[in-house]
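The values are calculated or read from the model by the stated rules, or taken from the named source; none is laboratory data. Treat the numbers as computed from the prediction; the structure is a model and nothing was measured. Cβ placement follows ideal geometry from the backbone for every residue including glycine, while neighbour counts extend to all protein chains displayed. Please note that ligands, DNA and RNA were not included when accessible areas were found on the heavy atoms of the full protein model with its side chains. Shrake-Rupley method; radii C 1.70, N 1.55, O 1.52, S 1.80 Å.
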Amino acid sequence: MTTEYKYSTVLVDFEDGIAWVTLNRPEKRNAMSPTLNKEMIEVIEKLEVDERCGVLVLTGAGDAFSAGMDLKEFFRESDNLPPEAWAQISRNSQIWQLQRLRYFPKPTIAMVNGWCFGGGFNPVTACDIAVAAEEAIFGLSEVNWGIIPAGNVLKSVTTTMRHRDGLYYSLTGDNFNGTEAAKMGFVNFAVPRAEMRDKVKEIATKMLGKNRAAARAIKNAYRKIAEMSWDASEDYLMAKLDQLRLTDPDKGRAKGMKQFLDDKTYRPGLGAYKADK
Ligand code: COA
């Protein structure tokens, strides 16, 4: 952990272009407290401009990815706060999970190592890609203690789970494991826990070899156009296409065409062009 990332509830490590961000309250199963939420806002803000981070991986320390929002520190201890103070506390969780992480300018991977409940679904959904341990256990447990999956958890569920699965799991509170999560499409892959980190590294390395400006534009556009009309989306994507052509520091489009059409050194259907580095 580098000194500029010294936090009480989050660890940050860098390795070959990957920033490994670990929710670090294993004794509380990485439940998300107001402190953790504040720290995550800072961590993500810093990583946005940290050149050591080409891909962000979010995971949890110990047996849990995250047991969701902290029932004691986030919920019970907020019960008697003035409405403005509660609004600020709840807003902080939304800011890091559903704004900063969702629109993080580089690819993100959720590595779901273990327990993942309630509010824990938000960061999984916010990440572009998700890999789970087959042994991980998921649950929309809100119904088990008489609340609605607020904090936009239910909204997250509607974007990453199929209609019937989302309603079934939010109404029953049943658990499902990593293998089932992959079958339902809630995560991309489930692998034995011992192989999970290697699988994540393999995906991250693949993404690190692609044009970064294009990746940034693709991931932002993907989420934004989902809520646009076809006409608005057409305009938006054309504008982004032109913008990227002008702003891509690597001028990937021109290089890609030259290397395919003139130099015949690669095939875009089978891999990435060669950047000058
Ligand atoms: N909020 C606050 N504290 C939590 C927590 C949460 N979401 N999840 C776990 N903890 C705490 C426990 O209170 C316990 O604290 P203690 O040691 O001071 O008593 C500690 O973490 C360990 O929890 P425990 O239940 O003993 O661990 P476990 O490994 O047997 O079970 C879970 C793990 C995740 C199945 C279980 O802790 C659980 O059901 N947590 C709540 C999950 C949930 O419904 N989250 C949704 C919130 S919207």
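Before moving on, here are some points about what is shown:
- Taking the C-alpha atoms of the chain, convex hull volume expressed per residue in Å³: 153 Å³
- Helical runs assigned H by DSSP (4 residues or longer) give the chain a calculated mean residue ellipticity at 222 nm of -12500 deg cm²/dmol, each run adding -39500 (n - 2.57) before division by the residue total.
- Radius 12 Å from Cβ of K6, net charge of other residues (Lys, Arg +1; Asp, Glu -1): -2
- At q = 0.18, 0.30 Å⁻¹ the log10 of I(q)/I(0) for the range 148-205 amounts to -0.71, -1.20, computed by Debye summation with a single uniform scatterer per C-alpha, solvent ignored.
- Peptides 60-68, 229-237, 101-109 ranked from most to least packed by the mean count of surrounding Cβ atoms within 10 Å: 60-68, 101-109, 229-237.
- The chain - percent of accessible surface contributed by carbon and sulfur, probe 1.4 Å: 55 percent
- Note, ³J(HN,Hα) from phi for the range 251-267, Karplus 6.51, -1.76, 1.60, rounded to Hz, x at Gly and Pro: 6, x, 4, 5, 5, x, 5, 4, 5, 8, 7, 9, 6, 6, 9, 7, 10
- Taking a Cβ cut-off of under 12 Å around N152, the surrounding Lys, Arg, Asp and Glu residues balance to a net charge of +3, with basic ones at +1 and acidic ones at -1.
- Here the Gaussian network model covers the chain, with springs between Cα atoms less than 10 Å apart; of L241, L154, L56, L241 fluctuates the most.
- Principal axis dimensions, largest first and in whole angstrom, of the range 212-270 by Cα: 40, 22, 17
- Stretched out straight at 0.36 nm per residue, the stretch from K46 to R253 would grow longer than its current Cα-Cα span by 71.6 nm.
- Beyond 14 Å, the tail of the calculated P(r) for the range 65-123 holds 62 percent of the Cα pairs.
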